[in-house]
Amino acid sequence: MVYLRSFLFNSLFYLMTTLIVVLLLPLLLLPRQVVWCVARFWGWTTSKMLYICGIDHDIIGDMHLDETVIYAAKHQSAWETIVLYATLKAPITVMKRELLFLPFIGFFFLRAGCIAVNRSGGMKALRELRAAALRIRDNPRSILIFPQGTRVMPRTPHDYQIGIFTLYDTTGFTVIPIALDSGRVWPRNSWLKFPGRVQVRFLEPIKPGLTRKQFMSTLETRIESEVAILEANEVA
């Protein structure tokens, strides 16, 4: 049944995505807010289609939707880049630069104002990220970043990258840590989707003013401690 449901969802998802990015391509000529609405529709529709696989989600905590903040989310699957993004009302997203070269949809990412990062760019990439943060600070809009820089399988350690501190330090925005366990139902690099509820937890905000060491330690501890609780509950 998992195979059949996954096949049906994947077929519908890729068909829907293709139709959206091809048929709505002319919307790129309209104001950027229109593209944000398209992105939110894509995420909302995906969340409903996931019912085919028996997948739903629970969100606990203050999402701070009426504030300009930096959302720093655990990254386990594509779920948070689509569904969580839409739930947060389409914030500016930090993503790997390679995604801009995807046919058609890359134009939407670019028009939506995403920050494309060259993950192998070293200090140059950080300077570009800082420049982007300065522009956002002058025209405030919330940001979504995955501080580990890539999807990480559940129960797999992976370093947190300093790009998140660059945004935090440059903009002066409050950071909202987000713990989740999406990799349990939508595994990385797998076309199979497994029934279950994605648990999303918006954690205690991190206010401006911390040093890099203090900030990175606080962020990682808050997210990973909560993720460990979510994973323990799965076993129980």
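Can you tell me which residues in segment 173-211 are over 27 Å from residue 10 (Cβ atoms), buried (at least 23 other Cβ atoms within 10 Å of the Cβ) and among the β-branched types (Val, Ile, Thr)?
175, 176
So which residues in segment 126-172 are farther than 15 Å from residue 206 by Cα, in a helix (DSSP H, G or I) and open to solvent by less than 20 Å² (accessible area, probe 1.4 Å)?
Scanning segment 126-172 gives 129, 132, 133, 136, 163.
How many residues are at pLDDT 95 or above, aromatic (Phe, Trp, Tyr) and under 26 Å from residue 234 (Cβ atoms) when one looks only at segment 169-191?
Selection size over segment 169-191: 1.
Which one of these does residue 108 not meet: (1) under 15 Å from residue 186 (Cβ atoms); (2) buried (at least 17 other Cβ atoms within 10 Å of the Cβ); (3) out of contact with any strand residue (DSSP E or B) (no Cβ under 8 Å at 6 or more places or on another chain)?
Here residue 108 clears every test but (1).
Which count do you get for residues in segment 173-210 that are closer than 20 Å to residue 137 by Cβ and outside any strand (DSSP E or B)?
Summing the residues that are closer than 20 Å to residue 137 by Cβ and outside any strand (DSSP E or B) in segment 173-210 gives 7.
Tell me which residues, restricted to segment 105-145, are within 10 Å of residue 167 (Cβ to Cβ) and either among the hydrophobic types (A, V, I, L, M, F, W, C) or without any contact (Cβ under 8 Å) to a residue 12 or more places away in the chain (or both).
Residues satisfying the conditions are 115, 129, 132, 133, 136, 143, 145.
Return the pairs, sorted by first residue and then second, in which the second residue is assigned to a loop (DSSP other than H, G, I, E, B) and at pLDDT below 95, the first residue lies in segment 157-176 and is more than 18 Å from residue 95 (Cβ to Cβ) and charged (D, E, K, R), the beta carbons are less than 9 Å apart, and the residues are 6+ apart or on different chains.
Taking only residues 6 or more apart or on different chains, the pairs are 159/149.
Inside segment 111-125, can you point out the residues that are over 21 Å from residue 80 (Cβ atoms), part of a loop (DSSP other than H, G, I, E, B) and open to solvent by 40 Å² or more (accessible area, probe 1.4 Å)?
118, 120
Go over the candidates 149, 172 one by one and state the one that is of a type in the set (Gly, Ala, Ser) and closer than 23 Å to residue 231 by Cβ.
One residue alone meets the criteria, 149.
Suppose we keep only residues that are within 21 Å of the chain's Cα centre (by Cα) and over 15 Å from residue 82 (Cβ atoms) within segment 1-34. Which one would you say is surrounded by the most Cβ atoms within 10 Å (Cβ to Cβ)?
Filtering first and then ranking leaves 34.
The values are calculated or read from the model by the stated rules, or taken from the named source; none is laboratory data. The structure presented is a predicted model; accordingly, all values stated were derived computationally and were not measured. Neighbour counts are summed over all protein chains in view; Cβ atoms, including those assigned to glycine, are modelled from backbone coordinates with ideal geometry. These area figures cover heavy atoms from the full protein model, side chains too; ligands, DNA and RNA do not enter into them. Shrake-Rupley method; radii C 1.70, N 1.55, O 1.52, S 1.80 Å.
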